[in-house]
Amino acid sequence: MINPEFLAQSATDALLQEVNLAPKPGLVDPISTGAHKDMTKDTFYKSIEALRPFLLAYAEAGSRHNGTPLDLFNELRALGKQAEDAMMAATNHINTHKGANFSFALVLGATAHTKGNIPEALHYCHLMTRHLIEVDFANLDQKENLSYGEKLYVEHGITGIRGEAATGYPSLAKALDYYNTLNTHTPRHRDLLLLLYLMTFVEDGNLIHRGGIEAYKQVQQEAKLLFDEAQTISEEELVSKLEDYDNVLIDRNLSPGGSADLLSLTFFCHKIQQNG
């Protein structure tokens, strides 16, 4: 039986596994603050500690839920707002885990509700959030002033993390399938390959927000080249190339935070599957 305490601890461990992985191009890790001038790994540790009780609350909500998917979504959203306030208070209003908090609320609630069945949980995320795109992006042609996210949707069809959730986290399922093929690698090598893989296809709102569509597409192309090369080089050579690429993204002030969020979610789902 997968209980809420185990789920919450697994989520905490996954978030720590993500921040402690290095080198991560453009991202905060123990050896670099990446393209972030306002945060360090310690900021992330404080953030994770602030989120910890809410990770348990998300799982408990899903575990006892017996209403509609929308009922659970509304309960998780209310908890999520409290969690975000706690995170911001702990980090002096630095946004470390806003995207991760949104997704972990959904995935934890759904995983608890489906008793640890990850494919069912991701489908339940879809059932909880399929209204988001329809509601949030409705009647945009009649609005005078569009938000950044609304402009991206109108001009490029970009739906970001809301679209990922509303379609049942297909990027997460894809990443999990890939991660499960890497059994012969060291844990660090495996995790670095997973990050690179995510960077090749994730619709990364953080990259788009910092650099625009062209910068986001360029990073995807560069990640694909690096990922292809990574299949034939050693872990040490990969680390060296990622350290170099970290400097490139720092110079461009780019951070693939959307990929980082899905990295921690993949770690979480993998652990639940291993213990299923």
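The values are calculated or read from the model by the stated rules, or taken from the named source; none is laboratory data. It should be emphasised that the depicted structure is a prediction, and the values quoted were computed from it without experimental measurement. Every residue, glycine among them, receives a Cβ derived from its backbone with ideal geometry; neighbour counts consider all protein chains shown. To get the accessible areas, we keep the full protein, side chains included, count just its heavy atoms, and leave off ligands, DNA and RNA. Shrake-Rupley method; radii C 1.70, N 1.55, O 1.52, S 1.80 Å.
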(message) Filter segment 58-69 down to the residues that are in contact with a helix residue (DSSP H, G or I) (Cβ under 7 Å, 6 or more places away or on another chain), outside any loop (DSSP other than H, G, I, E, B) and either open to solvent by 20 Å² or more (accessible area, probe 1.4 Å) or of a type in the set (S, T, N, Q) (or both) and list them by number.
(response) Glu60, Ser63, Pro69
(message) Looking at Ile133, Ile161 in this structure, which one is open to solvent by 40 Å² or more (accessible area, probe 1.4 Å), within 26 Å of Leu70 (Cα to Cα) and part of a helix (DSSP H, G or I)?
(response) Ile161
(request) Could you pull out the residue among Ala112, Ala100 that is part of a helix (DSSP H, G or I), more than 22 Å from Gly205 (Cβ to Cβ) and in contact (Cβ under 8 Å) with a residue 60 or more places away in the chain? (result) Ala112
(request) Go through Ala83, Ala100, Ala90 for me and flag whichever is open to solvent by less than 50 Å² (accessible area, probe 1.4 Å), in contact with a Lys or Arg (Cβ under 7 Å, 6 or more places away or on another chain) and within 18 Å of Ala50 (Cα to Cα). (result) Ala90
(request) Scan segment 172-205 for residues that are in a loop (DSSP other than H, G, I, E, B) and of a type in the set (A, V, I, L, M, F, W, C) and report the count. (result) 3
(request) Within segment 234-249, count every residue that is open to solvent by 30 Å² or more (accessible area, probe 1.4 Å) and either in contact with a His (Cβ under 9 Å, 6 or more places away or on another chain) or not in a helix (DSSP H, G or I) (or both). (result) 2
